[in-house]
Amino acid sequence: MPIDLKSLSYDELQETMKDLGEKAFRGKQLYEWMHVHLARSYEDMTNIPKSLKEKLMQQAEYTSLTVEDCQISAIDGTRKYLFALADGNMVESVLMHYKHGNSVCISSQVGCKMGCRFCASTLDGWLRNLTPGEMLDQIYAIQHDTGERVSNVVVMGTGEPMDNFDNIVKFIHMLSDEHGLNISQRNITVSTCGLVPRILQLADLNLSITLALSLHASNQEKRAALMPIANAFEIHEVLDACRTYFDKTGRRVSFEYSLVAGVNDSEEDARELSELIGDMNCHVNLIPVNPIKERDYVSSTHDAVLRFKNRLEKNGINVTIRREMGRDIDGACGQLRRKHLERKD
């Protein structure tokens, strides 16, 4: 197996250089080129000797994603990227501009096996996990393309991050490493549809990241209808794991709640949700669902969203309505990749 250069930590890269008969400081140089200067190839590395570059070309893989497509919203400048991986697979990432800085939403897998009913990511199934280097390079390629610094990272694109646990944890450590982009863990959010054992495992690592649970329902029956994972992990079991996460890390949990007209947006749903999470230190993100043509789900009306928000706030729950970014492009997870696959067929 060739060495996966961009997935090696700072210390691992220095050890690898010694294993290759090089001085350890070459590892420091390479790490800086990849994770600070965001070099797209060995050619960009001006102080690396030609002999070492040739050795690496033979023995290592250099992850450098190719922009296959980029849609730019005329409304808010949101950029939706379709990246080609070295094996020909495609993943999506989104760059969003906020007052507090640039936020990038990345994918953690090629496809997804979780089967959530309202999500385009899952329609073609799961193919493989992304490596730490492939996750990092989504951010690096966007920063290289725009020339703008990324300050916030959300792992909420295609895939279930907790299903790629070891690679996600290494990605977080490398992204927040002082030798790399050095993005604060407090500015990193990782989502999950509710893999309880992995949430508990993450809690034990005592990271400073935000955990976001895709909740999307106010009771077990509705959640199971929308999200097959609820058949494996009952809603109260998932919420107990989130409580444990807060108790161990001190980081409040964020709940993602996609509002689907006539499905989970009623007064009764808002009341049930308030009872379900009212005792927790949490934040609720209300998301008007992004319609996809393969499903007949319709986004809740603006009035219904406001009514839902007001009911939660009256019950003392911290809540925001997520700004709809890039609505005029293929904004929802999986849409751009799916359109590309359909064109190839």
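Considering every residue within the range 98-107, establish whether at least one is on the phi > 0 side of the Ramachandran plot, in a loop (DSSP other than H, G, I, E, B) and assigned by TED's automatic domain parsing to the domain that holds ALA224. Show your work before the answer.
We begin by selecting, within the range 98-107, every residue on the phi > 0 side of the Ramachandran plot; these are 101.
From what's left, in a loop (DSSP other than H, G, I, E, B): none.
There is no residue in the range 98-107 that is on the phi > 0 side of the Ramachandran plot, in a loop (DSSP other than H, G, I, E, B) and assigned by TED's automatic domain parsing to the domain that holds ALA224.
Given the options MET162, MET156, name the one that is buried (at least 16 other Cβ atoms within 10 Å of the Cβ), within 19 Å of VAL104 (Cα to Cα), of a type outside the set (S, T, N, Q) and touching a Leu at 6+ places or on another chain (Cβ under 6 Å). Spell out the reasoning first.
Values: MET156 fails: touching a Leu at 6+ places or on another chain (Cβ under 6 Å).
Answer to the selection: MET162.
Can you tell me how many residues in the range 128-175 are more than 26 Å from LYS99 (Cα to Cα), under 12 Å from the mean Cα position of the chain (by Cα) and of a type in the set (S, T, N, Q)?
1
Mind checking which residues of the range 64-87 are out of contact with any strand residue (DSSP E or B) (no Cβ under 9 Å at 6 or more places or on another chain) and modelled with pLDDT of 95 or more? Outline the logic, then answer.
Narrowing the range 64-87 to residues out of contact with any strand residue (DSSP E or B) (no Cβ under 9 Å at 6 or more places or on another chain): 64, 74-75.
The answer is SER64, and nothing else.
Which residue is surrounded by the most Cβ atoms within 10 Å (Cβ to Cβ), if the candidates are limited to the range 1-43 and must be among the hydroxyl-bearing types (Ser, Thr, Tyr) and more than 22 Å from the chain's Cα centre (by Cα)? First the steps, then the outcome.
Initially, the range 1-43 is screened for residues among the hydroxyl-bearing types (Ser, Thr, Tyr), giving 7, 9-10, 16, 31, 41-42.
With the extra rule that they be more than 22 Å from the chain's Cα centre (by Cα), the set shrinks to 10, 16, 31, 41-42.
On the way: TYR10: 17, THR16: 20, TYR31: 24, SER41: 11, TYR42: 19.
Once the filter is applied, the top-ranked residue is TYR31.
Looking at the range 149-173, I want the residues that are over 14 Å from GLN138 (Cα atoms) and not assigned by TED's automatic domain parsing to the domain that holds SER7 and have a partner that is of a type in the set (D, E, K, R) and crowded, with 23+ Cβ neighbours inside 10 Å with Cβ atoms under 9 Å, at least 6 apart or on another chain. Which pairs are those?
Close Cβ pairs satisfying both conditions: ASN167/GLU134.
For the range 214-238, name all the residues that are more than 21 Å from GLY159 (Cα to Cα) and either among the aliphatic types (A, V, I, L, M) or in contact (Cβ under 8 Å) with a residue 12 or more places away in the chain (or both).
Within the range 214-238, SER218, ASN219, GLN220, LYS222, HIS236, GLU237 qualify.
Kindly establish whether VAL253 is touching a strand residue (DSSP E or B) at 6+ places or on another chain (Cβ under 7 Å) and buried (at least 19 other Cβ atoms within 10 Å of the Cβ).
Values: touching a strand residue (DSSP E or B) at 6+ places or on another chain (Cβ under 7 Å): yes; buried (at least 19 other Cβ atoms within 10 Å of the Cβ): yes.
Yes; evaluated as a whole, the condition is true for this residue.
The values are calculated or read from the model by the stated rules, or taken from the named source; none is laboratory data. The structure displayed is predicted, hence computed values, not measured ones. Here Cβ is always computed from backbone atoms with ideal geometry, including for glycine, and neighbour counts include all displayed protein chains.
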